[in-house]
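Student: Please see the structure below; I have some questions.
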Amino acid sequence: MDEKKIKELEEQISNGRGRLSADRMDLSFGELISLYKNKELIIRPEYQRFFRWNQQQKTALIESILLSIPIPPIFVAEDEDGIWELVDGLQRVSTFISFFGELDTNVSQSVFQRDNEEEMDNGEEISINNKWTLEEGGLIPGLEGFDIETLPSKYKMNLKRAVCRVEILRGESSHVMKYELFKRLNSGGSKATAQEIRNAVYRGINSTINELIIEISNNDAFQKLTNLSKQKKQELYDQELVLRFIAYLGNVEKINKNTEAFLNDFMQKNAVEKSKFDPKYYREMFNKVLKMIERIDDAKVFRNHKNQFVPAYFEGIIIGLAQNIERYDDQIELLKTKINKLKNDEEFKRVSGVASNSKTRIRARLRRANKIFGEQ
């Protein structure tokens, strides 16, 4: 192998290690509860994935701890004040804390209710109540009917004294490395989506952009026009669509990476440069665009002839319209014509198919959309 390539590899590995500052320690579950109560351990379910464990899964965790079955480590990101924010392990930590009656359910109730409705449709019984009751365990059937009040004291102490490995990403590490950590921790099973990871990582810098995305994604018109599946909404795809609008608007020529990387960079940049991000502008523009699209009375505006949601239609229509908004104030018929033209435009189709999330195709697609909506 070429010596120069080997040297480059060694430098990249060395630099990568230098960017990542991590530590680990073993803490009892009782200590985790204390950290949480003292607000030294922050759990933000509204920015991570929803509570998804049913009673059987929660019982299995308590059973495992009682039987000394090893529990996977949890991962936290430490900020400059030494506060830990949970990066991975939401289900485990919230399950344990709620069993002891210490989880602040007011913080997460609205988010949980939304997820609860979707899970119930599939026949699942989900509960986030404090001091919940155990079911029959897979190895300990006798657990059924016990809660924290009725469980014998010696087992309560066993639970509190049980040890959990905590992996700590120190505050000096870059946010890019935090993003990569979260992404790779969730590389198997029901992995976290890119938007869930962004919310968990970048919210810690500045929550303004996260809160705006959540607010806009709950807009009734947006929900009706996109009409996403329950699974897509659980995966926060609706929030990613909103982020695409915010990130692409006025930045088409600056798109120099694929969709995921560009959105990551946009969130980090605007979370760090707090004074430069204007949520009012994006909120008003998004709402104005949606109201116009609603007026054309087409529930399938973002869908193809097979009734499938097409992200390229969504991006092209809302960005193309937003960049030429004044032209369509009282021109709804013209707007209909332009939308139909975009959806049938061969050049737009050519850059909206396979590999449509590459930087070249995104730029070409949005340039074409702007031309269609801007031309006479």
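The values are calculated or read from the model by the stated rules, or taken from the named source; none is laboratory data. Nothing here was measured: the structure is a model prediction, and the numbers come from that model. With ideal geometry, Cβ positions are generated from the backbone for all residues, glycine too; neighbour counts draw on all protein chains shown.
Student: Among the residues that make up region 302-309, is at least one of them surrounded by fewer than 16 Cβ atoms within 10 Å (Cβ to Cβ) and either assigned to a helix (DSSP H, G or I) or in contact with a Cys (Cβ under 9 Å, 6 or more places away or on another chain) (or both)? Walk me through how you get there before you give the answer.
Tutor: Of the residues in region 302-309, the ones surrounded by fewer than 16 Cβ atoms within 10 Å (Cβ to Cβ) are 304-308.
When the remaining residues are screened for being either assigned to a helix (DSSP H, G or I) or in contact with a Cys (Cβ under 9 Å, 6 or more places away or on another chain) (or both), the result is none.
No, region 302-309 has no match at all.
Student: Here's a follow-up. Just name the residue that is surrounded by the fewest Cβ atoms within 10 Å (Cβ to Cβ) out of those in region 273-298 that are at pLDDT below 90 and assigned to a helix (DSSP H, G or I).
Tutor: Ser275
Student: Could I ask something else about it? Quickly run through region 218-272 and pick out the residues that are among the small types (Gly, Ala, Ser) and either under 21 Å from Gln308 (Cβ atoms) or assigned to a helix (DSSP H, G or I) (or both). Lay out the reasoning, then the answer.
Tutor: First, the residues of region 218-272 that are among the small types (Gly, Ala, Ser): 221, 229, 247, 250, 261, 271.
Answer for region 218-272, where residues must be among the small types (Gly, Ala, Ser) and either under 21 Å from Gln308 (Cβ atoms) or assigned to a helix (DSSP H, G or I) (or both): Ala221, Ser229, Ala247, Ala261, Ala271.
Student: So, of the residues in region 243-261 that are over 15 Å from Ala322 (Cβ atoms) and aliphatic (A, V, I, L, M), which turns out to be surrounded by the fewest Cβ atoms within 10 Å (Cβ to Cβ)? Walk me through it before giving the result.
Tutor: Restricting attention to region 243-261, the residues satisfying the condition of being over 15 Å from Ala322 (Cβ atoms) are 253-261.
With the extra rule that they be aliphatic (A, V, I, L, M), the set shrinks to 255, 261.
On the way: Ile255: 19, Ala261: 14.
Per the criteria, the residue is Ala261.
Student: Of all the residues that make up region 325-355, how many are of a type in the set (S, T, N, Q) and surrounded by 18 or more Cβ atoms within 10 Å (Cβ to Cβ)?
Tutor: Going through region 325-355, the residues of a type in the set (S, T, N, Q) turn out to be 331, 337, 340, 344, 352.
From the residues that got through so far, the ones that are surrounded by 18 or more Cβ atoms within 10 Å (Cβ to Cβ) too are 352.
Adding up the residues that qualify gives 1.
To keep it simple, each residue is scored yes or no on (1) under 21 Å from the mean Cα position of the chain (by Cα); (2) assigned by TED's automatic domain parsing to the domain that holds Asp345; (3) closer than 23 Å to Thr337 by Cα.
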{"site": "Val242", "(1), (2), (3)": "yes, yes, no"}
{"site": "Ile246", "(1), (2), (3)": "yes, yes, no"}
{"site": "Asn258", "(1), (2), (3)": "yes, yes, no"}
{"site": "Lys269", "(1), (2), (3)": "yes, yes, no"}
{"site": "Tyr281", "(1), (2), (3)": "no, yes, no"}
{"site": "Val289", "(1), (2), (3)": "no, yes, yes"}
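Student: Which residue pairs have Cβ atoms under 6 Å apart, sit 6 or more places apart or on different chains, and have a first residue in region 1-30 that is of a type in the set (Ser, Thr, Tyr) and a second that is modelled with pLDDT under 85?
Tutor: Listed by first residue and then by second, the contacts come to Ser21/Arg170; Ser21/Glu172; Ser21/Ser173.
Student: Kindly check whether there is at least one residue in region 28-48 that is among the aromatic types (Phe, Trp, Tyr), modelled with pLDDT under 85 and in the same structural domain as Cys164 (by TED's automatic domain parsing). Talk me through it step by step, then tell me what you get.
Tutor: At the first step, the residues of region 28-48 found to be among the aromatic types (Phe, Trp, Tyr) are 29, 36, 47.
Next, only the ones that are modelled with pLDDT under 85 stay: 47.
Filter again for in the same structural domain as Cys164 (by TED's automatic domain parsing), leaving 47.
Yes - at least one qualifying residue is present in region 28-48.
Student: Just the residues that are of a type in the set (A, V, I, L, M, F, W, C) and surrounded by 20 or more Cβ atoms within 10 Å (Cβ to Cβ), please, taken from region 213-242. Before you say what the answer is, go through the steps one by one.
Tutor: First pass over region 213-242, keeping only residues of a type in the set (A, V, I, L, M, F, W, C): 213-214, 216, 221-222, 225, 228, 236, 241-242.
Across region 213-242, the qualifying residues are Ile213, Ile216, Phe222, Leu225, Leu236, Leu241, Val242.
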